[in-house]
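Since the structure comes first, as structure tokens, the remarks are kept for the end.
The values are calculated or read from the model by the stated rules, or taken from the named source; none is laboratory data. Source: prediction; values computed, not measured. As a convention, Cβ positions derive from the backbone with ideal geometry for all residues, glycine included, and neighbour counts pool all protein chains shown. SASA here: full protein model, heavy atoms, side chains in, ligands and nucleic acids out. Shrake-Rupley method; radii C 1.70, N 1.55, O 1.52, S 1.80 Å.
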Amino acid sequence: MFSMPAEWAPHEAVWTAWPHDPDQWLEGLAAPQRALMAMCAAIADDGRGERVELLVRDRADELAARELLGAASVHVRFHHMRYGDVWLRDTGPIFVTRDGEVSAARFKFDGWGGKYVMPGDTEVAAHVMHQCKVRGAAFDFVLEGGAIEVDGAGTLMTTKQCLLGGARNPGLDAAALEERLRWALGVEQIIWLDQGLLNDHTDGHIDTIARFVAPGVVACMEPVKGDPNGDALDSIIRDLQQARTARGERLEVVTVKSPGEVLDRAGNLMPASYMNFYIANTVVAVPTYGSDNDTAAVEAIQAMFPGRRVMG
């Protein structure tokens, strides 16, 4: 049976995309383009890490990306295609493995419950599979990769807010979704957390609130003074401490202080989270926010990954 490996398993490559739509980036495209290309360069790690597969719309986008990547561009492979969002964890396929064989699971994508419907995004998963020459199965329900988290040993985490909120899969209850997740991703035990962060357009994706860092070991955030997500974060810690793995063991829960209140330029609360990191072959890329807690968060996550360099 095919199963979804943990994110710390070795990667041949990672897929992402060049930010291009000004309607998604109301504060301007320059900063997100710089940030994403810096992340790509960190992941490539001067050829010690993994290849980056980057979606761009055309030659002009590719040239702009190459300029920001600099010397790291030799470790990036460009794909010209139509797409909207850059977050391929959600729009792309989920790779699954079996005895050294790689396949892919492709799910319906509806723009995060219909909130962000952009041309091309529903075709991204099939395009990636075609480019990889990987076959797989198409499943009849909506699922984004950021909505689920696995430890590679049979345990999956998700949230009720996202999968049972009604917008994505009306008519499917928890039992029906659990059956589909077990079949599609080869998992045994499913842990349901409740709510995600305030103002999270993904409706509570697990990848912003709790992440496996080793089999049976999960990281989450603890609130700081005045944290707008304080109650939710406290609840997440309590629920994780009571949860059990596919082996029937209690989870080991490790925490990182949250970034606290982070506002955009318009004064709106952002769903800022240190949990939305990416575990590459040699580094762990962690989002930072200019918060007083950024340095401590990077150091705490570094302790979880002694074999990798953690970069904010």
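Considering only the Cα atoms of region 130-203, their convex hull presents on average a projected area of 5.9 nm². Near the amide H of GLY136, within less than 5 Å, lie the amide hydrogens of ALA104, all on another chain or at least 5 residues away, with H placed in the peptide plane. Note that region 75-136 presents 52 Å² accessible area per residue, ligands and nucleic acids not counted, probe 1.4 Å.
3J(HN,Hα) along region 48-59: 7, x, 9, 5, 10, 9, 10, 7, 9, 7, 6, 5 Hz, from the Karplus curve 6.51 cos²θ - 1.76 cosθ + 1.60 with θ = phi - 60°, whole Hz, x for Gly and Pro.
Can you pick out the pairs among LYS108/LYS133; LYS115/LYS160; LYS115/LYS225; LYS108/LYS160 whose Cα atoms lie more than 28 Å from each other? Show your work: numbers first, answer last.
Numbers: LYS108/LYS133 20 Å; LYS115/LYS160 18 Å; LYS115/LYS225 32 Å; LYS108/LYS160 18 Å.
Where the Cα-Cα span goes over 28 Å, the pairs concerned are LYS115/LYS225.
Distance distribution note for the chain: the fraction of Cα pairs above 38 angstrom is 7%. Accessible area per residue for region 226-268, computed on protein heavy atoms with a 1.4 Å probe, is 59 Å². Solvent-free Debye calculation, one equal scatterer per alpha-carbon of region 195-312: log10 I(q)/I(0) at 0.23 Å⁻¹ equals -1.41. Looking only at LEU88, LEU172, LEU36, which one moves most when the chain is put into a Gaussian network model with springs between Cα atoms under 10 Å? Of LEU88, LEU172, LEU36, the most mobile in the Gaussian network model is LEU172.
Note on the chain: with a GNM built from Cα contacts shorter than 10 Å, the maximum mean-square fluctuation among THR158, THR97, THR122 falls on THR97.
Applying 1/(1 + (r/R0)^6) with r as the Cβ-Cβ distance of ALA296 and GLU27 and R0 = 30 angstrom yields a FRET efficiency of 0.70. Extension gain, HIS80 to THR255: 0.36 nm times the residue separation minus the Cα-Cα distance gives 59.0 nm.
Considering only VAL102, VAL256, VAL56, the mean-square fluctuation computed in a Gaussian network model of the chain, springs between alpha carbons under 10 angstrom, is largest for VAL102. Evaluating 6.51 cos²θ - 1.76 cosθ + 1.60 at θ = phi - 60° for every residue in region 39-44, the Karplus couplings come out as 5, 4, 5, 5, 5, 5 Hz, glycine and proline recorded as x.
How large a share of the accessible area of region 28-148, in percent, is made up of carbon and sulfur atoms when the probe is 1.4 Å and the other protein chains stay in place? Answer for region 28-148: carbon and sulfur cover 52 percent of the accessible area. At q = 0.11, 0.19 Å⁻¹ the log10 of I(q)/I(0) for region 10-146 amounts to -0.40, -1.17, computed by Debye summation with a single uniform scatterer per C-alpha, solvent ignored.
For region 190-312, the Cβ-based charge dipole about the Cα centre amounts to some 480 debye (Lys, Arg positive; Asp, Glu negative; other atoms uncharged). Would you list which aspartates and glutamates come within 12 Å of LYS257, measuring only between C-alpha atoms, while excluding same-chain residues fewer than 8 positions from it? Candidates past the 8-residue exclusion: GLU222, ASP227, ASP234, ASP292, ASP294, GLU299. In this structure, the amide hydrogen of ARG309, modeled 1.01 Å from its nitrogen in the peptide plane, lies closer than 5 angstrom to those of VAL283, VAL284, counting only residues at least 5 positions away or on a different chain. Legend: translational diffusion of region 221-275 by Stokes-Einstein, Rh = Kirkwood radius over C-alpha pairs, 20 °C, 1.002 mPa s; D = 171 µm²/s. Computed over region 54-97, the alpha-carbon pair-distance distribution with 10 angstrom bins reads 25, 47, 25, 3, each value a whole percent. For region 1-49, the solvent-accessible area works out to 51 Å² per residue, with a probe of 1.4 Å and every protein chain left in place. With the cut-off at under 16 Å, measuring from each backbone N in region 1-16 to a point 7 Å along the Cα-to-Cβ line of THR97 picks out 1-15.
Spin-label model, VAL217/ASP234: points 7 Å from Cα along the beta carbon direction are separated by 2.8 nm. The accessible surface of region 162-304, taken with every protein chain in place and a 1.4 Å probe, is 45 percent carbon and sulfur.
Distant-in-sequence amide contacts of PHE141, defined by a placed amide H-H separation under 5 Å and a gap of 5 or more residues or a different chain, comprise LYS108.
Only DSSP H runs of four or more residues enter the estimate; each adds -39500 (n - 2.57), and after division by the residues of the chain the mean residue ellipticity at 222 nm equals -7500 deg cm²/dmol.
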